Amino acid sequence: MQRNILITGGAGFIGNHVVRLFVNKYPEYNIYNLDKLTYAGNLANLKDVENKPNYHFIKEDICNFESILNIFKQYNIDGVIHLAAESHVDRSIKDPFTFANTNIIGTLSLLQAAKNVWTDLENKLFYHVSTDEVYGALEMNNPRGGNEPGGGPFGDKFFTEQTKYNPHSPYSAAKASSDHFVRAFHDTYGLPVVISNCSNNYGPYQFPEKLIPLFINNIRNRKSLPVYGKGENVRDWLYVEDHARAIDIIFHKGQKGETYNIGGFNEWKNIDIIKVIISTVDRLLGRKENEDIDLITYVTDRAGHDLRYAIDSTKLKTELGWQPSLQFEEGIEKTVRWYLDNQDWLDNITSGEYEKYYEIMYKDR
Ligand code: NAD
Ligand code: DAU
C-alpha cells in the first residue's frame with residue numbers, strides 16, 4: 001500500500017535509524033523527514049539514503065503550527081512517527097523552557113494538525129515515541145540474579161504499561177505531558193494513536209553528550225570521564241536498531257490507543273558499563289588493557305538523578321512478537337568500533353559550539 005509518512009526528528013540519533021529502516025524496507029512509502037536541525041540534528045547521519053526516490057527532507061520546527069498544518073495537507077500525510085524532541089536530561093535542568101516548548105507544544109501542534117486534516121480516520125495513525133523516564137525511578141531491592149521481571153539483577157520491580165507516571169526531570173516531565181496530550185486526543189477526538197516508551201538506546205550516530213558516545217570520545221582523546229555521584233545508577237540498555245525494529249512492528253501491528261514498553265532486559269550500573277567501554281576502547285586502539293581506567297573522575301551527582309530504570313517489555317513480545325536481536329556484548333563492540341571508525345563524524349560535532357557547551361556543562365563538576 002502506498003503511504004505518506006511524516007517522521008519527525010529523523011536527523012537525530014534514533015530518528016535516522018527509523019528513517020533508514022523505513023526508506024529501505026518500504027520503497028512504496030513516501031518518507032518525509034521533518035527536522036528543525038537543532039544542535040542534535042545532523043543530515044550527515046542520512047547520507048546513505050538522501051538520494052533515494054522515496055526520501056524527502058523538510059526543515060521545519062514542529063512548534064510552527066501553521067507550517068505543520070500545510071505540510072499535512074500538501075503531502076497528504078496519513079501516518080506520523082513522532083520522535084522530534086529535546087532529549088538530554090542535563091540540558092533540561094539548565095533550560096526547562098526549551099524542553100516544555102518543543103516536547104509539549106511541538107507535540108500538541110502535530111496532534112492538532114492531524115486532527116484538523118484527518119477527517120477520514122481510515123488508515124491513519126499518529127505514533128508517539130516516548131521514554132521510560134516518564135515512570136520515574138525504581139528502587140534497588142530484592143535482586144534475584146536473573147534479568148526478567150520478578151528476578152532482575154538490581155530489583156524485583158519493573159516498569160510496565162500500567163506503572164503510574166512519576167517524572168522527576170524537566171525532560172521527563174515534558175515527555176510525560178506530551179504522552180498525556182496524545183492520549184487526550186485519542187479519548188477526546190478519537191484520533192488513532194499509539195505510544196511506545198523505551199529504555200536507554202545506544203549505537204551509532206548518538207550525539208556525544210550522552211554517556212556512551214561521550215565516554216568513547218573522551219577515552220579516545222584521553223579526557224576525564226565525569227561519573228555522576230557514585231556511578232551506582234542503573235539503566236536498561238537497548239541497541240538502537242532494535243528500537244527501530246520495534247517501532248516498525250508497532251507502527252504496522254500495534255493496537256490503536258495502546259501503549260507498548262520497549263526494553264532490553266539489560267540492566268547495568270553506570271560504573272560497570274563504563275569499565276566495559278574503557279576496556280573495549282583500549283583493546284580496539286591497541287592500548288594496554290585498562291590503560292585508561294584512571295580517567296574515571298567522580299563528579300557532583302545530576303540533580304534529581306533517577307536511581308534505576310528497568311522496562312518490562314513482555315506485552316510487546318507476547319502480543320506483537322518483538323524481542324531484542326543483539327546481545328549487549330555484541331552491541332557495545334559494534335558501537336565502539338563504529339565511533340572509532342567514524343572519528344570525522346565525532347570531530348565535526350565536538351568542535352566549535354559543542355566545545356563551549358562542554359566547558360560550561362562540566363566547569364562546576
Ligand atoms: P536526539 O536529541 O538525538 O534527536 C532529536 C531530533 O529532533 C534532532 O534531529 C533535532 O534536530 C530534532 N528536533 C528537536 N527539536 C525540534 C523541533 N522543535 N522541531 C523539529 N525537530 C526538532 O534524540 P533521540 O535520542 O534520537 O530521541 C528521539 C526520541 O526518542 C525523543 O522523543 C526521545 O524522547 C525518545 N527516546 C529516546 C531514548 C534514548 O535513549 N535516546 C530512549 C527512549 C525514548
Ligand atoms: O531512559 C531513556 C532515556 O535515556 C531517554 O529518554 C533520554 O532521551 C536519553 O538521553 C537517556 O537518558 P539518560 O539520562 O539515562 O542518559 P545519559 O546518557 O544522559 O546518562 C546515562 C546515565 O549515565 C545516567 O545515569 C547519568 C550518567 N552519566 C551521564 C553523563 C552524560 C554520567 O555519569 N556522566 C555523564 O557525563
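The values are calculated or read from the model by the stated rules, or taken from the named source; none is laboratory data. All values reported here derive from a predicted model rather than from experimental measurement. Cβ coordinates were reconstructed from backbone atoms using ideal geometry, including for glycine residues, and neighbour counts include every protein chain displayed. Protein only, heavy atoms only, side chains kept; ligands, DNA and RNA dropped before computing areas. Shrake-Rupley method; radii C 1.70, N 1.55, O 1.52, S 1.80 Å.
Pairs meeting the criteria (first residue in the range 180-202 and more than 25 Å from Arg245 (Cβ to Cβ), second residue part of a loop (DSSP other than H, G, I, E, B), beta carbons under 7 Å, at least 6 apart or on different chains) are Phe185/Leu191; Gly190/Leu121. Selection within the range 163-172: residues that are within 16 Å of Ile195 (Cα to Cα) and open to solvent by 50 Å² or more (accessible area, probe 1.4 Å). The member of this set that is nearest to ligand 2 (Cβ to nearest atom) is Tyr165.
Scanning the range 247-280 for residues that are buried (at least 22 other Cβ atoms within 10 Å of the Cβ) and more than 21 Å from the chain's Cα centre (by Cα) gives a single hit, Ile278. Restricted to the range 63-90, and to residues there that are assigned to a helix (DSSP H, G or I) and open to solvent by 50 Å² or more (accessible area, probe 1.4 Å), the residue that is nearest to ligand 1 (Cβ to nearest atom) is Phe65.
Of all the numbered requirements in (1) touching a helix residue (DSSP H, G or I) at 6+ places or on another chain (Cβ under 6 Å); (2) aliphatic (A, V, I, L, M); (3) closer than 25 Å to His305 by Cα, Ile31 misses one, and that requirement is (3).
Contact map, the range 290-316: residues that are away from ligand 1 (no atom under 16 Å from the Cβ) paired with residues that are assigned to a loop (DSSP other than H, G, I, E, B) and hydrophobic (A, V, I, L, M, F, W, C), Cβ distance under 6 Å, separation 6+ or inter-chain. Pairs shown: Leu307/Ala137.
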